[in-house]
Amino acid sequence: MKPFAYHQPDQIPDAAKLLTSIEDSKLVAGGMTLIPTLKQRLANPPALVDLSRLGHLKGITDDGATITIGAMTPHAVVAASKLVQAKIPGLAALASMIGDPAVRNRGTIGGSVANNDPAADYPAGVLGLGATVVTSTREIAADKFFLGLFETALEPGEIITAIRFPVPLKAGYAKFKAPASRYALVGVFVAKFADGVRVAVTGAGPGVFRVPPMEGALSQNFEPTAIAAIKIDTDGLTSDIHAEADYRAHLVTVMAKRAVDAALS
Amino acid sequence: MGNVIGIGAAPKRKEDQRFLTGRGNYVSDIKRAGMTSGVFVRSPHGHAVLRGIDKSAALASPGIIAVLTGDDVKADGLGGLPCGWGISDAKGVPMKEPPFPMLAQSKVRFVGDMVAFVIAETPEQANAAAELLAVDYEVLPSVVGVLEAVRPNAPQLFDDVPNNICCDWELGDKAAVETAFRKAAHVAKLSLVNNRLIGNPMEPRAAIAEYEPGTDRFTLWTTSQFPHVVRFLMGALVLNIPQHKLRVVAPDVGGGFGVKQFHYGEEAVITWAAKRVKRPIKWVASRSEGYVSDRHGRDHVTEAELALDENGKFLAFRVNTLANMGGYLSTFGPNIPTNLYGPLLGGVYTTPAIYCNVKVVFTNTVPVDAYRGAGRPEATFVLERIVDVAASEMGIDRVEIRRRNMIPKDAYPYQTPVLVQYDSGDPMGCLDGALVAADVKNFGVRKAASASKGKFRGLGYSTYVEACGLAPSRFAGRLGARGGLYESATVRVHPTGQVTVMIGTHNHGQGHETTFAQIVSDKLGVAFDDVDIVFGDTDRVQFGMGTYGSRSLVVGGAALSKATDKVIAKGKKIASHLLEAAEVDIQFESGKFSVAGTDRMKTFEEIAGAAYVPHNYPLEVLEPGLEEQAYYDPVNFTYPGGCHIAEVEIDPETGTVMLVNYTAVDDVGTVINPMIVEGQLHGGIVQGVGQALFENAVYDEGSGQLLSGSLMDYCMPRADHMPMMKVATHSTLCTHTPMGVKGCGEVGTIGSPAAVINAVVDALSHLGVTHVDMPATPNRIWRLLQNASLPAAAE
């Protein structure tokens, strides 16, 4: 680890100011990606701006038609939340599948969404539910938030404060874990709303994406069989030592069916 | 003062109290006054000419103390790392043995090869300086696979090793095998890969070196399985330090699995550097550094053929293997795929003729050496896979074909056609026990239940034998060992009757402090808590070859048993004097020396007291004191074995293999502590399952980059991969070790990969699948299913 300055502001504007005034400074929430990167000396930020004193960014609120999860809420809290389990059980299930207990107790929803790892779980939930990313300056629809490999619509100095999820009629998540890392080799989130179904895929490509043919078919008939024959194009999907693109494409269909099953159960 | 806890009891492990309460003392826990920090700069290229190293920026870095390179090693006239085994080809031509410099000179040959050692006041400063070291590489093409390495136009690692072949080794009667193949009713053939593995002990390697000018002595603390061997190899053959001026300490070590049983360049460099900088230096490997510098295991490509008569009797077995050595010869490297492989190809069967050819090949990868099982898992995998292939092709039940060829219990001792003579065993008994324990007769019901869920269920057998307790020195010497393979123990009885044992094996997870204390408690009748086991320090322990090859109990325990017998013998002489009886009339039992047929007796404590306060003592004929030492050189290997049965369920939709049942019935000889044996079996089996289903070290051909260089990409087995295992012993006693023990450290790793893969193939056999290479990952199984089901889909 290389030396860096460490700041622990207790107001969002102070954090934003530090972030913009110190070039290349980094926000640290749970640090589940950042700290290993620092330890391997792969990143060399001059300063870390720690969000852990921003207590109001932690917690889950029920707004009726939506549920709002503060950016600093750890995965374990979401997984164990009676509210999330009752209203969006698929999202609680997703949170329970992230990493291991240590990661779930440190890692935060805001950190995961801001990092936009191509194999992270939360982006599938956020995009699949059509959530809204609430930041220090504005609100961004999920469809406009995730831009590609580790890339998001966040501007310099912009800080995620919460994610607001609309409550679906049904939702489910199915994840095929990469054998070693247990990140999603392929993870599929499906959500059924009164006006249609959304299907979001993580792990398979360079970033989370939706599958319109599956959404159309499931909007007609919300059953696994409705999408069993829908094949995903391998173009643009990831190939690595664990899985080639054709296997990932195949798994998208399998996991989508299982996500529908999970949503129905 | 506690109780006697003897052989066969299962006390909790003595050492766990300190480990579980954070009071272990590992190398990285040790701090020395004035200690500095060292880091190794390693090659980022698989193969490159080392054109030059510019130290200037690194030397200007804050806190820097020194930067040492191969040129400095050369200037000091120091040697390279020695290989402990010298094998020869069929004509007696010795293997090619190119130098393995402790820091690279003129060329680098694998990603991770060491090019410099940077020493600074703190780890951060050492890392920062290391990043500033300017190394000029002329990158060459790398070759990483054995098949590629022996091709005519392959990149050549060494100028004087044509085709990268270190040795073209063979064993067995080639002509007899050819004759038998001509008469065969059936020949089964199999091509397979034995995947490359990375050991990943919990504790990364680490070392601290210190030089004391006052005494002209060096001390090296190192994460080693064999400190005395490091002292010998490094002192005598690398750094020219006299043995009495070098102390090597291997304190608590967090797992080894073979990875820590080699003399590593890091140990030599840090010891040499400590004198140069006149300060103690500490180096602790990162996990990532371990991936590219800890010796790897396995990595074979094999073609095998089994000749059978019309009844399925094995007539002859022929095996041709290419074995990867990596970029240099590691300490035991060339011994593993040859002497620890070929002699095991007889297995538990009566195959009369066996021939094995192994081409030992250099590639641009981390050197390959012993990893738990070392050669024997590879042999077992080839044999147990081809037995299944033959059974399937001939339409003979897989258990039946094994029975028809098994060595019967009454045929021991059994001389195989490949050097080794098994002293004892009962493979049929292990098989019968395992069939019952695994509830094989109801497998059909379970298979049908899986099928109703759309899953494929399979059952796999591995009936195996291994050779451990390394090793009879004379025999090993004929095979090319350059050292002895005995073990030593000193039993020091204190004046008050407590006992300290100094033993040359090393405990790094095996429970020696418990097992050895039980042996002493049992034999001397002293309390279990009154026995301490000392190991891992060349200044405290007389000598030893360390721990590997399931040898600690078999060879070290035998030395301990002999030394304990000597204590009893001397005690009888003292008792004879004190009790005024003839020595032949003195009996020793349950900690008491008594005169046969009388109630006259002396306790062990009284005898110990008399030995150290010799007022009434036969000083004319007997020395005072009660401390005895023994060296034990085994007369043969020991041959544990058994039957493992794996049961898997495969999800054809994703290709995921779930291990749903696992049964092992093993013959490990006498069991000292059944809980520890069970733990060793559990751990060994999990490691073998890791090879079969998860673990794979993958290199990129051409660049030589290790693609599976972290726990994110190299899949270790986890608790949730495993079912509850059924583990039992069915022991016959070893006829030549003092206590009848055979060893149990590696059996799990040796027996299990074949059982698991045989189960996977069985589950897929209805689709025409005849072999699955390890690891049987979901991706690989799915792809096999795609290919297997294509013809059916086309119909």
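Derivation of every value follows stated rules applied to the coordinates shown; laboratory data play no part. Since we're looking at a predicted model, the values are computed, not measured. Glycine gets a Cβ as well: all are built from the backbone with ideal geometry, and neighbour counts include every protein chain shown.
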Inter-part gap, Cα centre of region A:228-257 to Cα centre of region B:239-269, in whole angstrom, is 48 Å
Hydrodynamic radius (Kirkwood) for region A:170-264, which is based on Cα pairs only, to one decimal in Å = 13.0 Å
Final fewest-first order of B:T564, A:T225 on the 10 Å Cβ neighbour count is A:T225, B:T564
Once label points are set 7 Å from the Cα along Cα→Cβ at both A:L149 and B:V277, what is their separation, rounded to one decimal in nm?
-> 3.8 nm
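Tell me, what does the Kirkwood hydrodynamic radius of the protein assembly as shown come to in angstroms if you use every pair of distinct C-alpha atoms? Walk me through the intermediate numbers first.
Working: mean 1/r = 0.0316 Å⁻¹.
Here the Kirkwood hydrodynamic radius works out to 31.7 Å.
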Please work out the C-alpha center-to-center distance from region B:14-67 to region B:544-593 and express it in whole Å.
-> 45 Å
Count, for each residue of A:255-262, the Cβ atoms from other chains sitting within 10 Å of its Cβ, then give me the mean as a whole number.
-> 1
Spacing of the two label points (7 Å from each Cα toward its C-beta) at B:K245 and A:S21, in nm = 6.1 nm
Kindly flag which residue pairs out of B:K31/B:K523; B:K313/B:K441; A:K17/A:K144; A:K175/B:K447 have an alpha-carbon separation exceeding 31 Å in this structure.
-> B:K31/B:K523
Taking N as the residue count of region A:101-240, its alpha carbon Rg divided by 2.2 N^0.38 Å gives 1.04
Distance violations [Cα-Cα > 21 Å] among B:K107/B:K282; B:K570/B:K602; B:K572/B:K592; B:K14/B:K726; B:K12/B:K260; A:K26/B:K282 | B:K107/B:K282; B:K14/B:K726; B:K12/B:K260; A:K26/B:K282
Tell me, what ³J(HN,Hα) does each residue in region B:338-344 have, in order and in whole Hz, if you take phi through Karplus 6.51 cos²θ - 1.76 cosθ + 1.60 with θ = phi - 60° and put x for Gly and Pro?
-> 10, 5, 9, 10, x, x, 9
Cα extents of region B:247-345 along the three principal axes, largest first (Å) | 73, 27, 24
Spatial separation of Cα centroids for region B:734-789 and region B:142-181, in angstrom | 26 Å
Simple SL model, points at 7 angstrom along Cα→Cβ for B:K409 and B:Q542; separation in nm is 3.9 nm
Zone reached by a paramagnetic label modelled 7 Å from B:Y612 Cα along Cα→Cβ, restricted to region B:496-536 with backbone N below 11 Å, covers B:496-500
What does the highest-first list of B:291-301, B:716-726, B:108-118 look like by mean Cβ count within 10 Å?
-> B:108-118, B:291-301, B:716-726
With a Förster radius of 25 Å, plug the Cβ-Cβ distance of B:M675 and B:V445 into 1/(1 + (r/R0)^6) and report the FRET value to the nearest 0.05.
-> 0.15
Once the in-chain neighbours fewer than 8 apart are removed, the aspartates and glutamates whose Cα is under 18 Å from B:K566 read B:E487, B:D522, B:E583, B:D585, B:E589, B:E605, B:E606, B:E623, B:E627, B:E628, B:D633
Starting with the highest mean, order B:570-579, B:645-654 by the number of other Cβ atoms within 10 Å, averaged over the residues of each peptide.
-> B:645-654, B:570-579
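To the nearest whole number, what is the average tally of beta carbon atoms from other chains within 10 Å of the beta carbons of peptide B:705-714?
3
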Nearest 0.05, what FRET efficiency do B:K174 and B:Q17 give at R0 = 60 Å with Cβ-Cβ as r?
-> 0.60
Computed [θ] at 222 nm, deg cm²/dmol, the protein assembly as shown (DSSP H ≥ 4; -39,500 (n - 2.57); rounded to nearest 500) = -8000 deg cm²/dmol
Note the full-extension length gain between B:N311 and B:I7 as 0.36 nm times their separation in residues minus their Cα-Cα distance, in nm to one decimal.
-> 104.9 nm
Footprinting proxy, B:K742, B:K447, A:K231: sorted fewest to most Cβ within 10 Å, the residues are A:K231, B:K447, B:K742
Ordered by fewest other Cβ atoms within 10 Å, a rough proxy for footprinting exposure, A:F189, B:F456 read B:F456, A:F189
Here the FRET efficiency for B:L237 versus A:S239, based on Cβ atoms and R0 = 56 Å and rounded to 0.05, is 0.75
Listed by chain and number, the aspartates and glutamates with an alpha carbon less than 14 angstrom from that of B:K275, same-chain partners under 8 positions apart left out, are B:D72, B:D76, B:E210, B:E212, B:D216, B:E267
Dipole check, the protein assembly as shown, charges on Cβ (K,R +1; D,E -1), about Cα centroid: among B:G235, A:M1, B:Y26 the Cα furthest to the positive pole belongs to A:M1
What does the highest-first list of B:317-325, B:125-133 look like by mean Cβ count within 10 Å?
-> B:317-325, B:125-133
Those aspartates and glutamates that a straight Cα-Cα span of less than 15 Å connects to B:K409, excepting residues fewer than 8 apart in one chain = B:D423, B:D426, B:D432, B:D666, B:D667
